[in-house]
1. Whether any residue in segment 154-164 is more than 27 Å from residue 198 (Cβ to Cβ), crowded, with 17+ Cβ neighbours inside 10 Å and either in contact with a helix residue (DSSP H, G or I) (Cβ under 9 Å, 6 or more places away or on another chain) or without any contact (Cβ under 8 Å) to a residue 24 or more places away in the chain (or both) is what I want to check.
2. Exactly one condition in (1) closer than 23 Å to residue 87 by Cβ; (2) surrounded by 15 or more Cβ atoms within 10 Å (Cβ to Cβ) is false for residue 281; which is it?
3. For segment 246-255, which residues satisfy the criterion of being modelled with pLDDT of 95 or more and out of contact with any strand residue (DSSP E or B) (no Cβ under 7 Å at 6 or more places or on another chain)?
4. Picking from 184, 207, which residue would you name as being outside any loop (DSSP other than H, G, I, E, B), touching a residue at least 40 places away in the same chain (Cβ under 8 Å) and in contact with a strand residue (DSSP E or B) (Cβ under 6 Å, 6 or more places away or on another chain)?
5. Which of the residues that make up segment 38-53 are farther than 16 Å from residue 189 by Cα, in contact (Cβ under 8 Å) with a residue 12 or more places away in the chain and in contact with a helix residue (DSSP H, G or I) (Cβ under 9 Å, 6 or more places away or on another chain)?
6. Looking at segment 278-296, I want the residues that are on the phi > 0 side of the Ramachandran plot and have a partner that is surrounded by fewer than 22 Cβ atoms within 10 Å (Cβ to Cβ) and outside any loop (DSSP other than H, G, I, E, B) with Cβ atoms under 9 Å, at least 6 apart or on another chain. Which pairs are those?
7. Assuming residue 239 fulfils every condition listed in (1) over 18 Å from residue 296 (Cα atoms); (2) in contact with a strand residue (DSSP E or B) (Cβ under 6 Å, 6 or more places away or on another chain) apart from one, which condition is it?
8. Within segment 137-152, work out how many residues are outside any helix (DSSP H, G or I) and surrounded by fewer than 23 Cβ atoms within 10 Å (Cβ to Cβ).
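The values are calculated or read from the model by the stated rules, or taken from the named source; none is laboratory data. Every value quoted in this text rests on a predicted model; they were computed, and no experiment measured them. With ideal geometry, Cβ positions are generated from the backbone for all residues, glycine too; neighbour counts draw on all protein chains shown.
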């Protein structure tokens, strides 16, 4: 009785300062409208095994999670991923390329473009119904055209249900990693979940998140009472931090990696692993620095065999055209509208270099 009454109030309009714009389909309903083919399901299973083997240590391949800061246009994203697929053919004996198709964009102040999930057309008003359809279609098209399954960021835990049958990797961002719902949701994933260090750069917060994600939990998820198994593939992502004065403090240097190794050794965690995010506070968003940072990370791995086992991959922000641009009517195709990215030629050369040295 009370539930039906609540629904009537909710549908009537404003509720505690919140306007209900429209009801969204259940994830199961959207999946039935935009289903995966048997070929895609089999491909994802194969890719998931390949990526899992990196994080368990069964494979010595190196993961390269690479792509735009934010996926803002289906055509340019799918073209980019198809270019990656061709490159993957020549490096697949050493690397596993995982396209970044990030459909949610965290905003420090709440202002600005929040990703395709919010705005399928960046210069138009938010439309979440169109958004959830657009991101699912884009991910499916990218897989069909490239044969590569992708990574996305779990910015909103309950929204991942619209893509949880598609993704092969998920990242939990610096602003989300301390959030209980993110940690518990990650504990129910069966794919690698990368927990970034918070914006403060604190390693202990990040490792506490890994501990939580690797454990079993009972909680409310999408209106259901659920229990998770724990995710043994949860691991850390180092993305640099910011001190109290707003100065970026990188954490990809050899000393930082050794400190991380020591902290991992003090904890009883499954599959110790780290991915190094070469942009954000590690590069101070100087996107060309990613080239140098990758080289330093590879050198540290080559110098220390324990670090070689720990550092499983790098994360690189890259698009067709380098740099970034404002949202406007004359946007350059394949150029970021959020953080600046490496261009394709630099990316291609960098991936070939990683394949030689990793």
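1. No, segment 154-164 has no match at all.
2. (1)
3. Matches in segment 246-255: 247, 250, 253, 254, 255.
4. 184
5. 40, 43
6. Close Cβ pairs (under 9 Å, with a partner that is surrounded by fewer than 22 Cβ atoms within 10 Å (Cβ to Cβ) and outside any loop (DSSP other than H, G, I, E, B)) amount to 280/248; 284/248; 285/248.
7. It is condition (1) that residue 239 fails.
8. Residues that pass the stated criteria total 2.
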